[in-house]
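**Q** Before I ask anything, here is the structure I am working with.
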Amino acid sequence: MALSTQQSNDDDQYVLLAKLDNVRHVSTILKAIHFKEIATLFASPMGLKVTVEDAKCVQANAFIQESIFHHYIIKEEQVNFKINLTVLLECLTIFGSSAVPGVSTSLKMCYAGYGCPLLLILEEDGVLTDCSIKTLEPDEVLDFNFLSTNVINKIIMKSECLKEAFSELDMTSDVLQILLSPDPPYFRLSTFGNSGSTHSDFPKDSDMVESFQCTQTQTNRYKISLLKPSVKALTLSARVSIRIDNRGFLSLQYMIKNEDGQVCFVEYYCSPDEDVDEAEH
Amino acid sequence: MKEHEFRSCGEIILKMNCVIPGVNIKVFGRAVHSLSRIGEELYVEPLEHGLALRTVNSSRSAYACFLFAPSFFQHYDDGSGQTINGSGKEEEEGEEESIRCKIAMKSCLTVFKSVYTLEKTVERCKIKLDMNESRLIFQLHCRHGIVKTHNLAFIECETLQAVFSKDMCPNSLRASARLLCDAVQNFQNNQEEVTLIVKPDKILLKNYVEDEPDPTKVVHTELRLEPEEFDNIQVGVDSEVTFCLKEMRAILAFAEATNLPISLKFETAGRPIVFSIDSDSAFEANFVLATLADTMTQQRVSSQAESKTSQKRKYTSNSRPSVKASNKSQNSRKESDSMHVGRANKTEEQSARINEHEESRRKPNNKSPDEQGRSNRLNAALSELMNDDMDDVMLDQETREEISKQPIPPASGATSVSGRDNETDRITTGSPVPSTSRENVSPLIPLQSSKPQIFNITTEDIEMKENEEEEEEELVPGTPPSKRFRSMFFGSQASTITQSSQKALTKELSVLAEDTDDEG
Amino acid sequence: MRFRGKLVDISCIQHFTRVLGTISKIIKSCVLRITPTTWYFILSEKVVSGGVQIWCELPQGHFFDEYAMDGVSAEDNEIYLEVVPENLVKAIRTAQAAKWIKIKLTKKHAPCLTVEVDLPTVSAHSRLVVHDVPVSVVPHRMWPDYQEPELPQFDVSICMPQIKTLRNIVEKMKNLNNCLTLAANYNGELKLSVSTDMVSVSTHYQDLVNPVRRDMGSDEDREPQAFSEAKIDIRRFAQFLSGQQVIPNRVICNIVHKRVVHFYLQHEDVSLQYFMPVIAT
């Protein structure tokens, strides 16, 4: 077709060119971190990393490794830009949000370099949609400096038992308190809202808990409004790892399987809430 | 059973301690959902014969009560055996000490938010009262060893009870939830009120159309039900009662989910209608809704009064709380207290009847020792008089006269103004008063309209959004338009009541109503 | 003036409900013209409702089992009523399993179209539900306002693609901008595009059918690939698409370049014409 040969000549101009058969592999993961309008995209030979931040306290990263794409070309070591994630998601899901059995939408993503728009070409059943989205100057993103060696407590569990607890968090509470301890109650999520306090206790020997490594009792509080958006990632994931380091910084890592069984990761970092001193009951 | 399942700073004094087995949690959750569609505060009272959950709407024109018998629970301890720590409450005459408290309905709803999930995951639910911290504790023991504890702040309060005598009602219908749900489906979701018309040979249900804005622009719907469709039907007096459909839907939702039949007991316009559900010995629910009183119906009542004087008289004389009067009622069931709820129009006949009510109310309730039966147990629980005439006491003479001159009478049957002066003494000694709404006019809370779903919702979002929307819909208590349905328990707020006298009323109320403590 | 009709066949009742449902989604209030052969739903408010015109024809024999009417006079044996379609829909919607539906012109609290429904019940009884839908009579002198709209000479006619995907796409585009450009040519191509500072999205359909025009003008010299386009309000278009509960055999889109957008839906014997207002550029 005339159209495709023309394209392959044009393709040379792009510093980043990625293609995949099922756009949902990208859109689903990006939805998991969509709690702010603007995201920063970092592309490297390893794949794509998309970062969203809020209030200098919370950061979410979505990793889409290059093996997810059937065609992935990058001509520089790193390609970064900021983009409106809301608009990007609308474009990626232009043919509809829900999966239709037997129908798959392909994606071709092109970026020609600094100052150029991000081009998306989606195709479903012979219908083509072209999108051109303005890119913005990339800013520095936070480095939480979260090191495995500094992790005090860690728990890996099946996501399904946490989903309910997270979706039903009392949002009238300012904070979400996380207690991890080698002693009972082992793992406790608490909120302190208008009507009173709520605690969800997960014992270490529960069959929902895959791994429990806690050396000392830690109680930390995080702003609930910052952590609540992570429920999206939780809902998509099969397993989650919760780690807290010696500063009380929280790391949540979600393992998400896509429709083809490929695994992608989303992680959230959150710094503890400075304002509160003592724990309530 | 471990009493202390979490660390505490001091000694925990617990009153009430009961455990709901997994199989009953769904019912309990649905009861809470149903109550949440009526009122915004949940009154909790553990009694010897069961745990009572009650609520009333802000305009006091709808009251609901669920009573869960000890057999509903895996373990039931109403806490009467334990002492109270420093609350200094005086014992009521002839009553055992019990704690009565209320919590925000929203908080309780949070515990039982998703009944579907509860059913799947919760193995048992413990309910305890922590007097030290003023917390009502719901502890859900779930699968996989997960425990969810909700410590809800409560305020101690007096009993919220309506006194009504459903067994005295001349009209009684009993139907499956399915029948009523099907019938009600023919009305639009935003339909506020419906009118139920009963005659011995036919039963009609129609939407109630207000005079404003324009009755000619509104669709009028009417449907007919055959007597044979009901499990049981007794029409003692032809009547036409108008009540809030939204509140009725709250009851129907519960009945449909639990697949239990509903009894409707009522008499004439202005007198409350009682919807009851009972499940053998496990639990009972009663919803008392005010009905509109209008001139047309009043005329009918008056003319009926002439033709059915004997019947009316029977009713009147049966209005005394004495149990022995029960044999005069149409039902064979034992009598309970007279109906005091609502406010009637001021016809002389009714005033006479009302005065009798007043007299009888001042008598202490006594039950014959051989009283049996579930409904009697419920009535016993509800037998305490509610000092619902606060407003009337406050009502100044001027307003009372205004009311009696009313061409359009205010809604919902009830107690007279004159009788209330006698109540003053009781009131000032601090006898029970349910906490009042400070609002002059209860706001119309719009129900979430059923708009078609927007198409850009993802499957993931659907899961959450549906829950949200479902929750939202259920969270909204159906508050009927205030100006029509006057309080059944409080005095009549005549629609022409002046703003200033209304404010005076509220102000006085605020003095005598219990303190709302700082939420602990 | 009298009217009395009865629908008995379940599929007729359901079809009737769907057609009314479609109309109720597009317009709030309109004129119902009843003739011995046809029910017409007409909206002809050129300026008032921003240029929307609706003309829907329902041949009565297709729906009614019994049909009797007496018009305003012997010469003008027709009835014109102002109705709110939504009210009719709500009344009829509960009747999807009805044994029969009767529609009568009555005078109750106001002139009404009374809908009587005979519903089956669990027991042997039938449940009779009566809905009095208020209407107002349109006087004879105003009848000329409600004539069938004249069709202009169109620049292009094209059969629209499947409603389902179109609906999804338009819903997404709605989130990006208020204004959509609809373009078509005689090469079977249809384009929908939105454009803002931030993003441009364009969906391209190919291999669509161009129906033969009613009056073939002398446009032999026009290139088939030349697009004729017009700007329309996305929300209105989305509403129109979402309201199509009847899956029509054909939806034809006719465009007069930058001036007129006209949709023609046909399903069995029912036809609906919709002039959608064009945003001037």
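**Q** Is any residue of region A:61-94 close enough, with backbone N under 15 Å, to a label point placed 7 angstrom from the Cα of A:K257 along the Cα-Cβ axis, and if so, which?
**A** none
**Q** Just name one of A:S104, A:V15, A:M46: the one whose Cα is farthest towards the positive end of the charge dipole of region A:1-122 (beta-carbon charges, Lys/Arg +1, Asp/Glu -1).
**A** Comparing the listed Cα positions along the dipole, A:S104 ranks first.
**Q** Extending each Cα 7 Å along its Cβ direction at A:S44 and B:E156, get the distance between those two points in nm, one decimal.
**A** 6.4
**Q** Checking the table A:K31/A:K158; A:K108/C:K191; A:K36/C:K28; A:K232/B:K106; A:K49/C:K164 against a 27 Å threshold on Cα-Cα, which pairs fail? Let's see the in-between values first.
**A** Working: A:K31/A:K158 20 Å; A:K108/C:K191 20 Å; A:K36/C:K28 37 Å; A:K232/B:K106 24 Å; A:K49/C:K164 33 Å.
Too far apart for the 27 Å limit: A:K36/C:K28; A:K49/C:K164.
**Q** Just need the relative contact order of chain C here, percent rounded to a whole number, with Cα pairs under 8 Å and 6+ apart. All intermediate terms of the calculation are to be shown ahead of the outcome.
**A** Numbers: 616 pairs, mean separation 54.6, N = 281.
Relative contact order comes out at 19 percent.
**Q** Additional query: Taking the Cα atoms of region C:156-261 alone, what are Rg (to one decimal) and Dmax (as a whole number) in Å?
**A** Expressed in Å, the Cα Rg and Dmax of region C:156-261 come to 13.9, 42.
**Q** Beyond 24 Å, what share of the Cα-Cα pairs of chain A is found? Please give it as a whole percent.
**A** For chain A, the share of Cα pairs beyond 24 Å comes to 53 percent.
**Q** Could you sort C:C253, A:C214 by their accessible area in this structure, using a 1.4 Å probe and putting the largest first?
**A** Values: C:C253 0, A:C214 25 Å².
So the residues, ranked largest to smallest area, are A:C214, C:C253.
**Q** With the dipole of region C:2-146 worked out from charges on the C-beta (+1 for Lys and Arg, -1 for Asp and Glu) around the Cα centre, which of C:S126, C:P36, C:V84 lies farthest toward the positive end?
**A** After comparing all options, I get C:S126.
**Q** Also, I was wondering about something else. Around A:I38, what is the net charge, scoring Lys/Arg as +1 and Asp/Glu as -1 over all other residues with Cβ under 10 Å from its Cβ? Before the final figure, lay out each step's value.
**A** Details: positive: A:K36, A:K82; negative: A:E37, A:E53, A:D139.
Counting the neighbours of A:I38, the net charge comes to -1.
**Q** Now, a different point. Return the average number of partner chain Cβ atoms within 10 angstrom of each residue Cβ along peptide A:199-207.
**A** Details: counts 7, 7, 10, 6, 4, 1, 2, 5, 3.
Partner-chain Cβ atoms within 10 Å, mean over residues of A:199-207: 5.
**Q** Chains B and C: how much accessible area gets covered up at their contact, both sides added, probe 1.4 Å, in Å² to the nearest hundred? Present the calculation step by step, with values, prior to reporting the outcome.
**A** Values: alone 23370 and 13950 Å², together 35420 Å².
Result for this pair: about 1900 Å² buried.
**Q** Let me ask something additional. Give, rounded to the nearest 20 debye, the magnitude of the charge dipole that region A:2-133 has about its Cα centre when Lys and Arg contribute +1 at Cβ and Asp and Glu contribute -1 at Cβ. The partial results should precede the final answer.
**A** Details: 9 positive and 15 negative charges, 83 e Å.
Here region A:2-133 has a charge dipole of around 400 debye.
**Q** Still on this structure, I have one more. Given the options A:L226, A:S200, A:L189, identify the residue whose Cα lies farthest towards the positive end of the charge dipole of region A:148-270 (+1 on Cβ of Lys, Arg; -1 on Cβ of Asp, Glu).
**A** A:L226
**Q** Here's another thing I want to ask about it. Place a +1 charge on the Cβ of each Lys and Arg in region A:148-242 and a -1 charge on the Cβ of each Asp and Glu, then give the dipole magnitude about the Cα centre in debye, rounded to the nearest 20. Please report the intermediate quantities before stating the final value.
**A** On the way: 10 positive and 10 negative charges, 72 e Å.
About 340 debye.
**Q** Just check region C:110-209 against the gyration tensor rule for me: Cα atoms, a ≥ b ≥ c as the square roots of the eigenvalues, rounded for a/c under 1.5, and otherwise prolate or oblate depending on whether a/b exceeds b/c. List each step's numbers first, then the result.
**A** Working: a/c = 2.60, a/b = 1.75, b/c = 1.49.
It comes out prolate by the Cα gyration axes.
**Q** What ranking, highest mean first, results for peptides B:229-237, A:160-168 when packing means the other Cβ atoms within 10 Å averaged over each residue? All intermediate terms of the calculation are to be shown ahead of the outcome.
**A** Details: B:229-237: 17.2, A:160-168: 19.6.
Top to bottom by mean Cβ count within 10 Å: A:160-168, B:229-237.
**Q** Once you average over the residues of B:177-186, how many Cβ atoms of partner chains fall within 10 Å of each Cβ? Walk me through the numbers on the way to the answer.
**A** Working: counts 0, 2, 4, 0, 0, 5, 4, 0, 4, 11.
Taking all residues of B:177-186 together, the mean is 3.
**Q** Per residue of C:56-68, count partner chain C-beta atoms within 10 Å of its C-beta, then hand back the mean as an integer. Can you show the working numbers first?
**A** On the way: counts 0, 0, 0, 0, 0, 0, 0, 0, 0, 0, 0, 0, 0.
Mean partner-chain Cβ count within 10 Å for C:56-68: 0.
**Q** For Cα pairs less than 8 Å apart in space and 6+ apart in sequence, what is the mean separation divided by the residue count of region B:12-59, i.e. the relative contact order in percent?
**A** Normalised by residue count, the contact order of region B:12-59 is 28 percent.
**Q** Something else now. Please say if region A:2-133 is rounded, prolate or oblate, where rounded means a/c under 1.5 for a ≥ b ≥ c the square roots of the C-alpha gyration tensor eigenvalues, and otherwise the choice is prolate for a/b larger than b/c and oblate otherwise? List each step's numbers first, then the result.
**A** On the way: a/c = 1.77, a/b = 1.20, b/c = 1.47.
Oblate is the answer for region A:2-133, as a/c is 1.5 or above yet b/c matches or exceeds a/b.
**Q** Quick one: 3J(HN,Hα) in Hz for region C:82-88, Karplus 6.51/-1.76/1.60 with θ = phi - 60°, rounded, Gly and Pro as x.
**A** 8, 10, 9, x, 4, 5, 5
**Q** Another question about this same structure. Let me know the charge dipole size of chain A about its Cα centre in debye, to the nearest 20, where only the beta-carbon of Lys, Arg (+1) and Asp, Glu (-1) is charged.
**A** On the way: 23 positive and 39 negative charges, 57 e Å.
The calculation lands at about 280 debye.
**Q** Just to make sure I understand: if all protein chains stay in place, what is the order of C:D145, B:D77, B:D280 by accessible area at 1.4 Å, largest first?
**A** Working: C:D145 90, B:D77 50, B:D280 120 Å².
My answer, sorted largest first, is B:D280, C:D145, B:D77.
**Q** Express the relative contact order of region A:2-133 as a whole percentage, based on alpha carbon pairs under 8 Å and six or more residues apart in sequence. Each step should come with its number before you reach the end.
**A** Values: 245 pairs, mean separation 39.8, N = 132.
That works out to 30 percent.
The values are calculated or read from the model by the stated rules, or taken from the named source; none is laboratory data. Since we're looking at a predicted model, the values are computed, not measured. Don't worry about glycine lacking a Cβ; one is built from the backbone with ideal geometry, like all the others, and counts go over all protein chains shown. SASA here: full protein model, heavy atoms, side chains in, ligands and nucleic acids out. Shrake-Rupley method; radii C 1.70, N 1.55, O 1.52, S 1.80 Å.
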